[in-house]
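This report concerns only the one structure given below.
Throughout, read-outs are computed from the coordinates displayed, never taken from laboratory work. The shown structure was predicted, so the numbers you read here are calculated from the model rather than taken from an experiment. Note that each Cβ is placed from the backbone with ideal geometry, even for glycine, and that neighbours are counted across all protein chains shown.
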Amino acid sequence: MITAHNLSAGYRRNSEVLQGMSFTLEPGLIHGLIGRNGSGKTTLLRVLAGQLAADGEVEVFGEPPFDRASVMDRLVLAGIDAPLPDRWSVSTLLDVAAAR
């Protein structure tokens, strides 16, 4: 389960991309994240992966994601520019991620 309460994050002082966001993502379901360029999708994923500090509360698998090997070992974050072997399908990528 992933939970966030009153989450705010950004890259520059006084320039928050995420402001006061709260949500719960239940395990076993498929969740989508869509939005315009610059709307905070990557920022949110970086916070959830423990790569970017944020204000508020975030828990991934019941723990804060920052500097936690137990969380990092269970996450896969692959952006649009992630290098993948030729001819990999989305299904193959998900199978590899699930095997971790």
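Annotations for the structure displayed:
- A cut-off under 14 angstrom between Cβ atoms defines the neighbours of residue 3, and their net charge, with Lys, Arg +1 and Asp, Glu -1, is -4.
- Ratio Rg/Rh [Cα only; Rh per Kirkwood] for segment 1-52: 0.96
- Likely footprinting exposure, 1, 21, fewest C-beta neighbours within 10 Å first: 1, 21
- Rg(Cα)/(2.2 N^0.38 Å) for the chain, N = residue count: 1.13
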